[in-house]
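What follows is one structure encoded as structure tokens, with my remarks underneath.
Here, each number is a calculation from the coordinates, and none is a lab measurement. In this text, all values refer to a predicted model and were calculated from it rather than measured experimentally. With ideal geometry, Cβ positions are generated from the backbone for all residues, glycine too; neighbour counts draw on all protein chains shown.
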Amino acid sequence: MKLKTFLTAGLLIASATSTMAQTPFYQGKVLTLLINYGVGGNADTEARVYQRHLAKHIPGKPDIIIQNAPGAGGFTAMNMLGLGINVKADGFTAGYFTTSAIAPLIDDPALKVKMADFAIIGGARGWNMVYARKDLIPGGLTKPEDFIKAKSIYLAGYSRSSSHDTRLRLAMEIFNMPYTVVTGFPGTAQINKAMLQNEINVTGSSLPGYMTQVMPQIMQTGVGVPLFQYPVIGKDGKPRGNPALEKFGLETLDKVYERAFGKPPSGPKWEALLLMSDIGTQMQRGLMLPKGAPKEAVSALRLAFDGLMKDEGFIEDYKKVTSEEPDLVRGEDLLPLFDRMSKVDPAVRKVLRDSIGNE
């Protein structure tokens, strides 16, 4: 009798253990997506598409909520997650961040954590472009290269150390243009409002923001014109652009420069800008968990991210909202990018640091 009782108890314990082992990590839980820019911005708009579709691919199908934590050019939320400020590394808060191409390259002290310290779930590639008010020069801009005739350029940015601001500054310096930066805008909507009010006259945007906000508010109203897209480094080592953007009159910066000056751009500032653009395009957004998050959480979210890549409902919803197809990349495929960030040419690193440091 005692043996039977013992065996029964053992079976019950084994059964309970097996049930616990099979219970999905996220079952009955809430997953928070922490966004590093404000409501209505590009990252927030995209994150809400993820919010609608990600859970069905996560074992346990948790509820997903959005938490916006804008500030410091996107670093506030990244520091919160990475340092555990009001956030636990328990797997129930993940970051959906617009990543900075420049901060890791210069060891920016404003970013208190290393990108390699995060558990990268996946990323999204994304292209960026620059546009201007049509009345930037007397008579109006008819060709992108004519913007070099401008006498007074006011750039709109988010923070001095952000990739957005740094790329704009370097671009103007490559073209040898005088400029003033008006920075600290919380999002694309506020920048476009300032452009409509002629408070700024040149700025940039990622592709979703360009298609959903810049096109209807700035281009189709006749206020603005496209100038150029930032190139990436092709397999042959030469700059290349996004062919789809050329349909909108957005050639790469180097092509516009060559038409303006009769030769391609060169020098440390150009090399720095090209490297920044390449890294920033390859991983414009990143879905990540903090260091120390449970392995079960990392595995579950990577599995879910893989599911999104083949989810027609997600793809169609993303296209409807952003006017472009998602260009997703798995976390493990982003590891070589982090390796490149750690092996930057000192001359390029100096250019970027000087750009951030000089007022």
_What number does the chain give for Rg over Rh if you use C-alpha atoms and the Kirkwood radius?_
1.07
_Between segment 230-307 and segment 130-156, how far is it from one alpha carbon centroid to the other, in angstrom?_
25
*asked:* Tell me which trypsin sites (Lys or Arg not before Pro) from segment 63-143 have a DSSP coil assignment and no more than 14 other beta carbons within 10 Å of their own.
replied: K88, K112
*Calculate for the chain the 222 nm mean residue ellipticity that helices alone would give, adding -39,500 (n - 2.57) per DSSP H run of length 4 or more and normalising by residue count, nearest 500 deg cm²/dmol.*
-11500 deg cm²/dmol
*Net length gained if the chain between F261 and N176 were fully extended (0.36 nm per residue, minus Cα distance)*: 29.5 nm
_Residues F314, F261 arranged by fewest to most Cβ contacts within 10 Å_ = F261, F314
_Can you pull out the GluC sites (Glu not before Pro) in segment 247-341 whose DSSP state is coil and whose Cβ has at most 14 other Cβ atoms within 10 Å?_
none
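Under a Cβ-Cβ cut-off of 13 Å, what is the net charge of the residues other than M78 that fall near it, where Lys and Arg count +1 and Asp and Glu count -1?
Result for the neighbourhood of M78: +2.
With 10 angstrom as the radius, rank V232, V351 by how many other C-beta atoms surround their C-beta, starting from the fewest.
Details: V232 20, V351 25.
The most exposed by this proxy come first: V232, V351.
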*Angle between the Cα long axis of helix 163-174 and the longest principal axis of the chain, 0 to 90 degrees, nearest 10?*
20
_So, R0 is 35 Å and r is the distance between the beta-carbons of D236 and K320; what FRET efficiency does that work out to, to 0.05?_
0.50
*Would you order S355, S163 from fewest to most other beta-carbon atoms within 10 Å of each residue's own beta-carbon?*
S355, S163
_Could you compute the net charge surrounding K255? Neighbours are other residues with a C-beta less than 13 Å from the C-beta of K255; K and R count +1, D and E count -1._
0
*Given labels modelled 7 Å from the Cα in the Cβ direction, how far is it in nm from R52 to Q220?*
1.9
*Semi-axes of the equivalent ellipsoid of segment 128-280: what are they in whole Å, largest first, if each equals the square root of 5 times a C-alpha gyration tensor eigenvalue?*
22, 17, 16
*Taking the Cα centre of segment 128-280 as origin, sum charge times position over the Cβ atoms of Lys and Arg (+1) and Asp and Glu (-1), and report the length of that vector in debye to the nearest 20.*
100
_Relative contact order (percent, whole number), segment 128-280, Cα cutoff 8 Å, 6+ residue spacing_ = 30
*Report the semi-axes of the equivalent ellipsoid for segment 278-338 in whole Å, largest first, where each axis is √(5λ) for an eigenvalue λ of the Cα gyration tensor.*
22, 17, 9
*How high is the FRET efficiency from S299 to D107, r the C-beta distance, R0 30 Å, rounded to 0.05?*
0.45
*Leading residue at positive end of dipole, the chain (Cβ point charges), from G234, V256, F338*: F338
*Filter the trypsin sites (Lys or Arg not before Pro) in segment 227-276 down to the DSSP loop ones having no more than 14 other Cβ atoms within 10 Å, then list what survives.*
K235, K247
*Given +1 on the Cβ of Lys and Arg, -1 on the Cβ of Asp and Glu, and no further charges, what dipole in debye does the chain carry about its Cα centre, rounded to the nearest 20?*
500
*Residue separation times 0.36 nm, minus the C-alpha to C-alpha distance between K291 and Q197: what's the value?*
29.5 nm
_Whole-number percent relative contact order across the chain, with pairs defined as alpha carbons under 8 Å at least 6 apart_ = 25
_Please give the charge dipole size of segment 85-152, origin at the Cα centre, charges +1 on K and R Cβ atoms and -1 on D and E Cβ atoms. Round to the nearest 20 debye._
260
